[in-house]
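Chemist: First, the structure itself, so that you have it in front of you.
The values are calculated or read from the model by the stated rules, or taken from the named source; none is laboratory data. Predicted model only: the values in this text are computed from it and were never measured. Cβ coordinates were reconstructed from backbone atoms using ideal geometry, including for glycine residues, and neighbour counts include every protein chain displayed.
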Amino acid sequence: MTIAMPQRSSDVPLVTIAPPSPRKPIIMTSLAVALGAVFIWMAPSDQVTTFLFNLGDPVISIPDWEFNARIGATVFAILAVLFAAAAWPINARRGSLMLPALGVGVSLVLAFLSWVGADSRIPITGLLQGSLLLAVPLVFGAMSGVLCERSGVININIEGQLLVGAFLGAVVGSLLSNAYLGLLAAPVAGALLGLLLAVFATKYFVDQVVVGVVLNVLAVGLTGFLYTRFLTEEPDLWNNPPLLPTISIPVLSEIPILGPILFDQNVIVYLMYVVVIVIQIALFKTRWGLRLRSVGEHPEAADSVGIRVNRTRFRAVVLGAAVAGLGGAFFTLGSVGAFGREMTAGNGFIALAALIFGRWNPLGALAAALLFGFADNLQNVLSIIGSPIPSQFLLMLPYVVTIFAVVGLVGRVRAPGADGIPFRKS
Amino acid sequence: MSDPTNNDPLMDDREASTGLSGSTTSDTLHPPTELTSSVTGELRRAVLGMNLLVSALAVVLALAIGAVLIALSSPNVIESAGYFFARPLDTVAAIWQSVTSAYSALIQGALINIDALREGDISRAFYPLSETLTVSAPLILAGLAVAIPFRAGLFNIGAQGQMAFAAIGGGFVGFAISLPAGVHLIVSLIAAMLFGAFYAGIVGFLKARTGAHEVITTIMLNYIAIYFLGWVLNQDWFQREGRNDPISPILSDTALFPRFFGDGLRVHAGIVVAVLAVVVLWWTLTKTTLGFKIQTVGANASAARTAGIDVGRIWIAAMLIAGAMAGLAVSMNVNGTDKVVTAGIVGNIGFDAITVALLGRGSPFGVLWAGLLFGGLRAGGLAMQASTGTPIDIVLVLQALIVLFIAAPALVRSVFRIRAGGTEALSLAKGWGT
């Protein structure tokens, strides 16, 4: 590519670089135009949509927002197109397309809500709060995946880790009548299951997907067995944990809309913020994180500079599984209280999807988990107000977008280089 | 055989790992040298490699851990442990009693009801065996749906979704059209196989064209299929008239598998279909060009590519076969036991099939035995739960432990202090990216 130029002039670059591909702006613009048009066309022009913003009895009240469904859909669709248009110059400068993409997404969702909310009321704040709560176990599960897979061990076992965390959290919380002690026990259960995954993956070099699948079966079997033997026999003793209380953070919880969503929750939600931030920083800004990523990307190179590959992986897996176990406690101590058979209901696999969709990044996985939580809760809300879209198709959404992500339709995702490949020192 | 001086479990690893140097890209279970092997040859090699011994010991170890779990959770044991220091033998007796009664109920519930046999009640005596065969049929077929892609180097976690999707096709043909008896059943089975093959084919196609990892796509497609089935069950053209819950009409009698022994025993002709499928796939794998290609791709995809095999096509072919088997598997329920399509028609068979295929080590006859074993455990587990109150979930624990131990022979050998012989690690490890 480099051509030696005898006379260098400012308008002839030394190296020619291909102009940035307009793929992403094209996708964003066509999505905005196509979906926007559909929503405008579907929105009835003679009905009123109401957005509610108040949840409970807030200090600062925001008036409800009533507007004509079609006009609302039109305004939001135009907004989406404008955001998509803004992506073009940013893409040409090779800037980050995150903000325009977010803008397009939010605008389209609002246009969609203007349509489906016609003649009824959409509780915006409640919708978002519910989304966050549904995302909590997904986030913890995805963080477990980040730690394991960044170190090179595939974690299909998230589902089982969540389940045993939910189980032990409920049992210990119930026996000691203290939700916080249950919360301490949950990560222990996750870590014990993770210990098995780590031993079989890094000591016996068994196929990691196989171990993960089998340990899920083991988790379902063990919790189901103990559930039938003890929890259903004497539910008051074994399966009656107190719920974690809601802790309102002063001042912050009074912020309109955001306050009740983010800062009026139980301690697991606050722990989630901490865990995501700590893992993000630890993974990318510390020596520990560099080592962990190095054994996941290129174990031979890591080994040659004296990093103990399998020990690093072992610790990462156990730590990750503990995080997932903690998240599992949300099912019992954080929301329902009592443990139920197979109550994680596939959340571990949605967490895996979030991990992949978030490209094995803590913040990306967080965003993906929130998106999946939103899709789930939107389905809940729409089933109450009567939705024009079958609920099953909204529930499919996380899985469909994950497939699109892995086949490269919305930007190819790439796993850590040595993810899933056992390391045997030769 | 055993070597008491070998106390170092890692020693086994080193020995086992010789010959595994290419394990990141090859399925070491089935090196190409075994392509022409017969069943007896496989058995001989298995014995020589002490696979059989390790497998048997894996089952023993799993049963032992299961026994601990049963004993520790038994109400009688817990009660007698309360006065352990006064009368320790009571506890020992309670432990012995709880474990033996549970396991004997399990075995009797899987094979034969001895009491009924003594009374001469043949139908009741063979009820357990009938149940085992009934439960095994879908397990074997779904196990094949996981095992065939195994041989091509793919891990199909999607039997669950493929079965759910296939149930739509097979079920619809079964209740919506009318055909003569027998023909109707066959057309219904073909419809289920086509639907399953289409759904599994997506996975093979995406893998071949874009490299999307099959574990991710199958997991995602599982959920998509389950929600899609849920949606279909609410549509006018699929839902039973006059019902609000998601349930299809009852299948026509012409589309049902005939039962061998009347209505008393549930065992139906589906088990014959399952055994036939095992034989056909064994023949395909060992005697045909396609089978040779599948095994070659599974052993080393890049070498196969160099040798001129269209690897993508083989992946797609393996997934199409898998989907067809998943379709047959769900037909065991749709056209055999349940006679309707419901949201829970698949049960947990698609996931149990993974353990079946792993225990059967990817070989069709291995899947047959593994399916019968796990089918027996399930049928016996229900009987055990009914008669001794031991929760059936113990079966899942046993299943998981057996596969776990078989997957890690080094662990079993170190527990029983056996020296390694031959190569036998269960490994098809591949990264997400490959």
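For (1) of a type in the set (Val, Ile, Thr); (2) closer than 28 Å to A:Leu192 by Cβ; (3) away from chain B (no Cβ under 14 Å), each residue gets a yes or a no:
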| position | (1), (2), (3) |
| --- | --- |
| A:Leu218 | no, yes, no |
| A:Leu222 | no, yes, no |
| A:Asn266 | no, yes, yes |
| A:Tyr270 | no, yes, yes |
| A:Val274 | yes, yes, yes |
| A:Gln280 | no, yes, yes |
| A:His298 | no, no, no |
| A:Thr312 | yes, yes, yes |
| A:Gly320 | no, yes, yes |
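Chemist: Suppose we filter A:Phe314, A:Phe330 for residues that are in contact with a Pro (Cβ under 7 Å, 6 or more places away or on another chain) and either free of Cβ contacts under 8 Å to residues at least 40 places away in the same chain or part of a helix (DSSP H, G or I) (or both); which single one remains?
Modeler: A:Phe330
Chemist: In the range B:391-416, what residues are in a helix (DSSP H, G or I), modelled with pLDDT of 85 or more and not hydrophobic (A, V, I, L, M, F, W, C)?
Modeler: Residues satisfying the conditions are B:Asp393, B:Gln399.
Chemist: Kindly indicate the residue of the range A:65-79 that is hydrophobic (A, V, I, L, M, F, W, C) and not in a strand (DSSP E or B) and also farthest from the chain's Cα centre (by Cα) among those meeting that condition.
Modeler: A:Ile71
Chemist: Same structure, new question: Please go through (1) touching a helix residue (DSSP H, G or I) at 6+ places or on another chain (Cβ under 7 Å); (2) surrounded by fewer than 24 Cβ atoms within 10 Å (Cβ to Cβ); (3) in a helix (DSSP H, G or I); (4) within 11 Å of chain B (Cβ to nearest Cβ) for A:Arg341 and return the number of the only condition it doesn't satisfy.
Modeler: Single failed check for A:Arg341: (3).
Chemist: Within the range B:337-359, work out how many residues are assigned to a helix (DSSP H, G or I), surrounded by fewer than 24 Cβ atoms within 10 Å (Cβ to Cβ) and away from chain A (no Cβ under 11 Å).
Modeler: Total meeting the criteria: 1.
Chemist: Checking B:Val278 against (1) of a type outside the set (Asp, Glu); (2) surrounded by 22 or more Cβ atoms within 10 Å (Cβ to Cβ); (3) at pLDDT below 95, which test does it fail?
Modeler: (3)
Quick grid of which residues meet (1) in contact with a helix residue (DSSP H, G or I) (Cβ under 6 Å, 6 or more places away or on another chain); (2) crowded, with 24+ Cβ neighbours inside 10 Å; (3) closer than 27 Å to A:Asn377 by Cβ:
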residue	(1), (2), (3)
A:Ser114	yes, yes, yes
A:Pro123	no, no, yes
A:Asn155	yes, yes, yes
A:Gln161	yes, yes, yes
A:Leu175	no, no, no
A:Leu183	yes, yes, yes
A:Gly190	yes, yes, yes
A:Leu195	yes, no, no
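Chemist: Within the group B:Ile157, B:Ile190, which residue is closer than 26 Å to B:Gly371 by Cβ and within 14 Å of chain A (Cβ to nearest Cβ)?
Modeler: The conditions single out B:Ile157.
Residue-by-condition table, conditions (1) over 20 Å from A:Gly165 (Cβ atoms); (2) outside any loop (DSSP other than H, G, I, E, B); (3) of a type in the set (D, E, K, R):
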| site | (1), (2), (3) |
| --- | --- |
| A:Asp236 | yes, yes, yes |
| A:Leu243 | no, no, no |
| A:Val269 | no, yes, no |
| A:Tyr273 | no, yes, no |
| A:Ile277 | yes, yes, no |
| A:Ala282 | yes, yes, no |
| A:Trp288 | yes, yes, no |
| A:Glu300 | yes, yes, yes |
| A:Gly320 | no, yes, no |
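Chemist: Go over the candidates A:Gly95, A:Gly103 one by one and state the one that is part of a loop (DSSP other than H, G, I, E, B) and either exposed (fewer than 14 other Cβ atoms within 10 Å of the Cβ) or not hydrophobic (A, V, I, L, M, F, W, C) (or both).
Modeler: A:Gly95 is the lone residue from the list that is part of a loop (DSSP other than H, G, I, E, B) and either exposed (fewer than 14 other Cβ atoms within 10 Å of the Cβ) or not hydrophobic (A, V, I, L, M, F, W, C) (or both).
Chemist: In the set A:Leu175, A:Leu147, A:Leu163, A:Leu168, which member is of a type in the set (A, V, I, L, M) and within 14 Å of chain B (Cβ to nearest Cβ)?
Modeler: Just a single option satisfies the conditions, and that option is A:Leu163.
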